[in-house]
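One structure below.
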Amino acid sequence: MYPNPTALTFSVYILLMVGIGFAAWRYTQNLSDYILGGRRIGPFVTAMSAGASDMSGWLLMGLPGALFAAGLAESWIVIGLILGAWFNWYVVAGRLRVYTELSNNALTLPDYFTQRFEDRSRILRVVAAVVILVFFTIYCASGMVAGARLFEQTFGLSYDTALWAGAAATILYVFIGGFLAVSWTDTVQATLMIFALLLTPVVVLMHLGGLDAAWTQISAVNASYVDWFSGTSFIGIVSLLAWGLGYMGQPHILARFMAADSYATLTKARRIGMAWMILCLIGAISTGFFAIAYFAANPGQAQPVLANRETVFITLAQSLFNPWLAGILLSAILAAIMSTLSCQLLVCSAALTEDFYKAFVRPQATQSELVWFGRGMVLLVAVVAILIAANPQSQILGMVGYAWAGFGAAFGPLVLLSLLWPRMTRNGALAGMLVGAVTVILWHNGPWFGLAKGPVLGLYEMLPGFVFSLISIVVVSHLDRAPSQTMQQGFARMRTLLK
């Protein structure tokens with residue numbers, strides 16, 4: 001009897017990722033290796049790793065599901081993401097790579113904030129690490145949910161069993177190989193993701209008889225699906241575009257910039273990364289959009305998607321392709337989940353190891369001890385994320401949106417102004433971080449949440465959080481005494497090295 005082709009493909013893929021983790025083990029000698037790969041990552045791996053770590057399970061599940069449910073009106077988010085990612089690569093990446101190395105070779109964002117603003121009280125380190133742990137645990141949970149949905153539908157497992165099965169492989173290779181394992185596996189995973197996202201909509205269109213036929217069928221299902229403005233509002237469009245603001249505050253993406261082997265590497269990486277991102281996003285929205293026509297023409301196959309719209313890519317892969325190729329395409333979903341989840345676990349581990357354990361508990365800890373403590377923290381954060389993800393009703397895109405806003409508002413203005421404005425102070429940085437994080441939490445969870453569809457409070461929490469954080473930094477920094485001479489000299493040196 002022949003084995004299940006999909007199961008066999010999945011198994012081979014997972015074994016390959018774990019094998020890469022063991023290969024990376026040989027190059028992981030100290031904490032810098034484990035957290036940032038020793039700052040020796042080249043342009044191609046930097047680009048693919050940044051892209052794969054950015055585009056989590058929501059790219060193949062949440063985004064196609066949103067297009068399937070609402071049509072082109074959901075595509076505004078793609079425009080916001082492309083503009084935000086380009087700005088992040090062009091303005092933030094190189095400056096952050098140079099400045100973190102000047103800041104006593106800072107390995108994490110909390111460490112960078114501490115060194116950049118000469119924070120002897122270390123309050124910036126603590127607050128930033130807490131923000132990372134809170135929002136990344138939610139973000140990690142979204143990846144766990146996506147993995148559970150994939151294993152649940154593919155193998156017919158219960159949600160609880162699928163949740164643990166989906167998390168196991170990612171935890172293993174991050175635990176073993178650290179940043180190098182994450183970066184190398186991200187490169188493989190990014191290649192698999194773009195293959196799946198370009199192939200699937202093309203095959204859907206072939207089944208529907210071409211672009212014109214598909215468009216006509218979608219219009220027949222609901223004319224609003226082909227209207228970019230249907231069912232939305234100015235606030236709704238602004239909210240979707242505001243997702244782009246989040247890039248400047250995402251620790252797992254910024255870590256890729258910090259790990260590049262040089263400033264020059266990032267220019268090449270930007271071109272590769274942006275091309276990859278644009279193609280993947282086009283593939284994702286095309287998959288969800290054309291699926292409207294496909295399932296209208298094939299209602300007998302639509303039941304899983306009608307029950308949960310975020311399974312649209314999974315259902316298409318199982319319906320359109322033979323089991324062997326379907327296994328490869330479904331591995332692309334696993335790749336998207338694993339690539340983002342792995343770097344999120346690693347950033348949480350780095351915050352606990354570098355910014356709590358080494359900074360406050362064991363300053364004299366050896367490099368070997370720190371690496372093993374970091375591995376232990378990967379397991380701890382993963383278990384907490386699994387517990388949060390235990391609710392099978394959790395929506396991937398909603399969880400990602402909340403965590404994305406939290407980082408974008410708490411860290412985005414802080415990172416941006418720390419690289420562009422020499423007058424910024426420690427107290428300004430602290431105010432911006434707190435105001436941004438608190439605004440997102442209150443806006444999302446406050447007593448006014450029931451009014452979420454109102455003209456003002458329906459605004460995505462990213463935008464008010466980002467704006468209020470930016471204002472707080474500027475106001476408090478101007479009220480504060482000027483930065484020290486050494487801080488100003490450090491900023492001037494960063495600008496000189498960029499030139």
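At pLDDT 85 or above, acidic (Asp, Glu) and part of a helix (DSSP H, G or I): does that describe GLU74? Against the criterion (at pLDDT 85 or above, acidic (Asp, Glu) and part of a helix (DSSP H, G or I)), GLU74 qualifies. For the stretch 6-24, filtering for residues that are modelled with pLDDT under 75 and farther than 22 Å from SER183 by Cα leaves 2.
Once the stretch 258-271 is narrowed to residues that are within 18 Å of the chain's Cα centre (by Cα) and modelled with pLDDT of 90 or more, the residue that is nearest to MET48 (Cα to Cα) is ALA269.
Mind checking whether some residue in the stretch 240-254 is assigned to a helix (DSSP H, G or I), over 19 Å from VAL92 (Cβ atoms), under 18 Å from the mean Cα position of the chain (by Cα) and at pLDDT 85 or above? Yes. Among the residues of the stretch 296-318, those identified as crowded, with 19+ Cβ neighbours inside 10 Å and over 24 Å from ALA168 (Cβ atoms) are VAL305, ARG309, VAL312, THR315, LEU316.
Somewhere in the stretch 394-407, is a residue of a type in the set (Ser, Thr, Tyr) and under 18 Å from the mean Cα position of the chain (by Cα)? Yes, the conditions are met somewhere in the stretch 394-407. Would you please name the residue that is surrounded by the fewest Cβ atoms within 10 Å (Cβ to Cβ), looking only at residues in the stretch 102-115 that are assigned to a helix (DSSP H, G or I) and in contact with a Leu (Cβ under 9 Å, 6 or more places away or on another chain)? So, considering only residues that are assigned to a helix (DSSP H, G or I) and in contact with a Leu (Cβ under 9 Å, 6 or more places away or on another chain), the one surrounded by the fewest Cβ atoms within 10 Å (Cβ to Cβ) is LEU102. Taking the criterion of being within 17 Å of LEU279 (Cβ to Cβ) and polar (S, T, N, Q), the only residue of the stretch 41-52 that qualifies is SER49. Mind telling me which of the residues VAL91, VAL126 ends up being farther than 24 Å from ALA264 by Cβ and part of a helix (DSSP H, G or I)? That would be VAL126, the only listed residue that is farther than 24 Å from ALA264 by Cβ and part of a helix (DSSP H, G or I).
Of all residues in the stretch 364-377, those that are under 11 Å from ALA350 (Cα atoms) have Cβ atoms under 6 Å from Cβ atoms of residues that are of a type in the set (Gly, Ala, Ser) and assigned to a helix (DSSP H, G or I), 6 or more apart or on another chain, in GLY374/SER349; MET377/SER349. If you go through the stretch 197-231 and pick out every residue that is outside any helix (DSSP H, G or I) and either among the aliphatic types (A, V, I, L, M) or more than 30 Å from the chain's Cα centre (by Cα) (or both), you end up with 3. Scanning the stretch 296-313 for residues being part of a helix (DSSP H, G or I), modelled with pLDDT under 85 and under 24 Å from the mean Cα position of the chain (by Cα) gives a total of 3.
Among the residues making up the stretch 116-144, those that are over 16 Å from LEU416 (Cα atoms), surrounded by fewer than 24 Cβ atoms within 10 Å (Cβ to Cβ) and not aliphatic (A, V, I, L, M) are GLU118, ASP119, ARG120, SER121, ARG122, THR137.
Under the condition of being over 17 Å from MET61 (Cα atoms) and touching a residue at least 24 places away in the same chain (Cβ under 8 Å), the residues counted in the stretch 295-319 number 2. Scanning the stretch 292-322 for residues that are closer than 19 Å to MET206 by Cα and in contact with a Pro (Cβ under 7 Å, 6 or more places away or on another chain) returns VAL312, PHE313, THR315.
Taken across the stretch 265-288, residues that are closer than 25 Å to PRO110 by Cα, in contact with a helix residue (DSSP H, G or I) (Cβ under 6 Å, 6 or more places away or on another chain) and surrounded by fewer than 24 Cβ atoms within 10 Å (Cβ to Cβ) do occur, with at least one present. Only residues that are out of contact with any Ser or Thr (no Cβ under 7 Å at 6 or more places or on another chain) and within 22 Å of ALA106 (Cα to Cα) were counted in the stretch 372-391, giving 3.
The values are calculated or read from the model by the stated rules, or taken from the named source; none is laboratory data. Bear in mind the structure is a predicted one, so any value in this text is a computation, not a measurement. FYI the Cβ positions are ideal-geometry reconstructions off the backbone, even for glycines, and counts take in every protein chain you see.
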